[in-house]
Amino acid sequence: MAVLEKIRVKLGVFITIVIALALLSFIIDPTTLEAVSNSMSSKYDVGEINGKDISYQDFEKDIEYFTTLNEIMTGSSAHSEQEIESVRNAAWQSLIDRYLFVRNAKDAGINVGEAEMFALTAGDMVSPLISQDPSFFDESGNFSKDRFIELVQARHNDQSGSIGMYIEYLQNTIYNQQFYAKYGSLFTQGNFANPLMLARQIEDNNNTTDVEFVMVPYGFRTDSTIVVSDKEIKDYYKSHKEFYRQQASRDIEYVVFEVKPSDEDIAATNEQILKVYDEFAATDKEGMKGFLLRNSDRAYSEYYYRPGELSTISADVNDFVFNDGKGTSGVFTKDNTFYVAKVLDSRMVPDSVFVKHILLQGDQEALADSLVGVLNSGRESFANVAALYSADQNPNVAERGDIGWMTQTYMIPGMESVMTAPLNKIFVLDTQYGKHIVKVTDRTEPMLKKQVAILEKTAIAGKETFNKYYSQANDLAVKSAGKYENYKKAVEEAGLYSHPVNRMLEGADRLGAIDGTKEVARWAFEAKKGRVSDIITVNNNYFFVVALKGIHKEGYATVDEVSSSIRNILYREKLGVRRAAEIAEKISGLTDMQAIADTLGTTVSTKDGITFASLTSQGLDPKFIGAVSVAEPGKISAPLAGNVGVYVYKVTAHDTGAFYTEDDANTRDAQMSQYSLQMLVPVMMQDADVKDNRARFY
């Protein structure tokens, strides 16, 4: 249990990053949960992996497993949005590994045996997942196999099952890592460039071309005589169908009513500030925490600001604090927020201090005064007392008891006073973790900083204002009566702006500058084309009325969906052929580039050092680069239809250099291999037609 406690107390953040776990927060209402529980339809599956349906209930079990594991490792129940997303991704990745990657690796002839697993956990080739975990380091900072074995043996006496769950996690992760390592090795070793291929790559990259050319752009005017038929579009679609795979998406329009405080709301907030202004000015430092808790949107802070830092809150506040700083400031405003500032303290404060501590917990807290006496007498060193009594036995420090350098932003809550503590004075602090015997042994150069109390109030919409915006949104929803044609008419009559959004994905959580719009996406994916929503409230501050214009199903886009883009492609091809033929007729018989340029009303351009291997890095048309790289020097070409215009060119020289070396070729091959490895799982997922429906639920 000692090792597990070290993991929990000191390495929570480290392990959280490694295993990407956090508590789960649900954003599904109870009726939805009930419907999911009672339904056996695939509509309510979280996804499908390699033919395996992943039910909501099964996915929840995996999330519960990772959530419990996170609590074991960190002792924390933090659940920020980022951590919530991490736990869902961790649960989903575990399913990808279980039902797809490991199965594919086994089908490729790869296996991980019991003897190999023993070697990776307790044998001669211990996995870095264990050997690089500071929890298993000895006093010298080296990996100790005995410490890991101690944890394994302790699981038999652990009635909570926590240690067993952690060991199971390590074994599963190491097992999967071996499959990834072996499959990756098999893949990269198979991606072999023989000497002939290597030589060809070096030659291609060292060949350069110098060229003179003229270019006649297509322009933007549409040629109505060029016709693209429906049959041509369908034929092109059939031969290029793989280019038109798509995710499920929706085309919507929406009107959003943002609830903003009225002039009356702003004036009322100003009145609130003025009512408590005198009390704020009269409140001393000891009473300020309670005052701000009752009256301010900004809480009391022990933080000492350096000049300029307060500008992120208000430039006026910063100017008052550091240019005047006497008494209480006037009332400042910024974006409907009111501020009043008061300097509570001015001190010479360093940016960081080096802190040692002895953490006492439970019954041990009673020893605090006695241990301070021992330390002040000089009979024992701080490190020895910490080794004997501290609950924090982090071995990965220079001396026992070291916390290290702390700043105001990297600080254990409750220990803020270390920033202004005298050097080498031993004192006691209470925090949520217990009693700390503390000693500050070093610090950066102190500078003048100020502790500031800020009375802050942001104007918010009152009930009448809220109802006004709701009424406007409701009026649009009622007039729309659920139909798109009614919506368009109502929008036009009211002079509103309807925001268009094309190809919105399921689970999209942002529209314009507004976050938290998943409910809009959920509605759009459940509604029928041409329908209009009732009011959708977002963040209790935005009222949306949404119209569903188009539905794009997962799989291949239909011909109708892509006909416009295909028509443009075919039009441009036909235009290129026609323009090339017209230019060929105009310059027939001309043998001089300048004469050709004069005839076409353009100029002669030159470009040296063109390399075929760098099609995208030279700012030139790829068709032009490909053509000049193999053209005969000194010969004027026939007109070439490129992507943006028609070219006529004459190669003046082909040169061979030595700037692209074998090392460059090997580096490029290594980069391509790495890219291929990164694409392994995505390609497997595409091949297995993996469906990820998590956005429907979270």
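Per-structure values
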| item | result |
| --- | --- |
| Residue within the range 112-121 that is modelled with pLDDT of 90 or more and among the aromatic types (Phe, Trp, Tyr) present | yes |
| Qualifying positions in the range 660-698 - surrounded by 14 or more Cβ atoms within 10 Å (Cβ to Cβ) and under 19 Å from THR188 (Cα atoms) | ASP664, ALA665, ARG668, ASP669, SER673, SER676, LEU677, LEU680, VAL681, MET684 |
| Positions within the range 342-383 being in contact with a Gly (Cβ under 9 Å, 6 or more places away or on another chain), over 20 Å from GLU399 (Cα atoms) and in a strand (DSSP E or B), in sequence order | LYS342, VAL343, SER346 |
| Residue match in the range 303-311 (condition: of a type in the set (Asp, Glu) and not assigned by TED's automatic domain parsing to the domain that holds ALA597) | yes |
| Residue among ILE426, ILE403 that is touching a helix residue (DSSP H, G or I) at 6+ places or on another chain (Cβ under 8 Å) and at pLDDT 90 or above | ILE426 |
| Qualifying residue in the range 631-638 (condition: in the same structural domain as THR652 (by TED's automatic domain parsing), assigned to a helix (DSSP H, G or I) and of a type in the set (Asp, Glu)) | no |
| Residue among GLU286, GLU302, GLU309 that is at negative phi and in contact with a helix residue (DSSP H, G or I) (Cβ under 6 Å, 6 or more places away or on another chain) | GLU302 |
| Any chance PHE466 is assigned to a strand (DSSP E or B) and within 34 Å of the chain's Cα centre (by Cα) | no |
| Only listed residue being more than 13 Å from ILE252 (Cα to Cα) and touching a strand residue (DSSP E or B) at 6+ places or on another chain (Cβ under 8 Å), chosen from ASN502, ASN568, ASN539 | ASN539 |
| Among the candidates LYS275, LYS334, LYS285, residue that is surrounded by fewer than 18 Cβ atoms within 10 Å (Cβ to Cβ) and in contact with a strand residue (DSSP E or B) (Cβ under 7 Å, 6 or more places away or on another chain) | LYS285 |
| Residue list for the range 152-195, filter: in contact (Cβ under 8 Å) with a residue 60 or more places away in the chain, hydroxyl-bearing (Ser, Thr, Tyr) and either within 26 Å of MET672 (Cα to Cα) or not in a helix (DSSP H, G or I) (or both) | TYR180, TYR183, THR188 |
| Residue within the range 353-360 that is without any contact (Cβ under 8 Å) to a residue 24 or more places away in the chain and under 30 Å from PHE320 (Cα atoms) present | no |
| Meets criteria (among the aliphatic types (A, V, I, L, M) and either over 24 Å from VAL648 (Cβ atoms) or outside the structural domain of GLY642 (by TED's automatic domain parsing) (or both)) for ALA557 | yes |
| Residues of the range 112-127 satisfying the condition of being in a loop (DSSP other than H, G, I, E, B) and either within 34 Å of the chain's Cα centre (by Cα) or closer than 22 Å to ARG147 by Cα (or both) | VAL112, ALA122, GLY123, ASP124, MET125, VAL126, SER127 |
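Per-residue answers, yes or no, for (1) touching a strand residue (DSSP E or B) at 6+ places or on another chain (Cβ under 8 Å); (2) within 14 Å of ILE358 (Cα to Cα); (3) surrounded by fewer than 19 Cβ atoms within 10 Å (Cβ to Cβ); (4) of a type outside the set (Phe, Trp, Tyr):
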{"residue": "ALA386", "(1), (2), (3), (4)": "yes, yes, no, yes"}
{"residue": "VAL397", "(1), (2), (3), (4)": "yes, yes, yes, yes"}
{"residue": "GLY404", "(1), (2), (3), (4)": "yes, yes, yes, yes"}
{"residue": "GLY414", "(1), (2), (3), (4)": "yes, no, yes, yes"}
{"residue": "LEU429", "(1), (2), (3), (4)": "yes, yes, yes, yes"}
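The values are calculated or read from the model by the stated rules, or taken from the named source; none is laboratory data. Everything numeric in this text was worked out from a predicted model, so none of it was measured. Neighbour counts run over all protein chains shown; Cβ positions are idealised from the backbone, glycine included.
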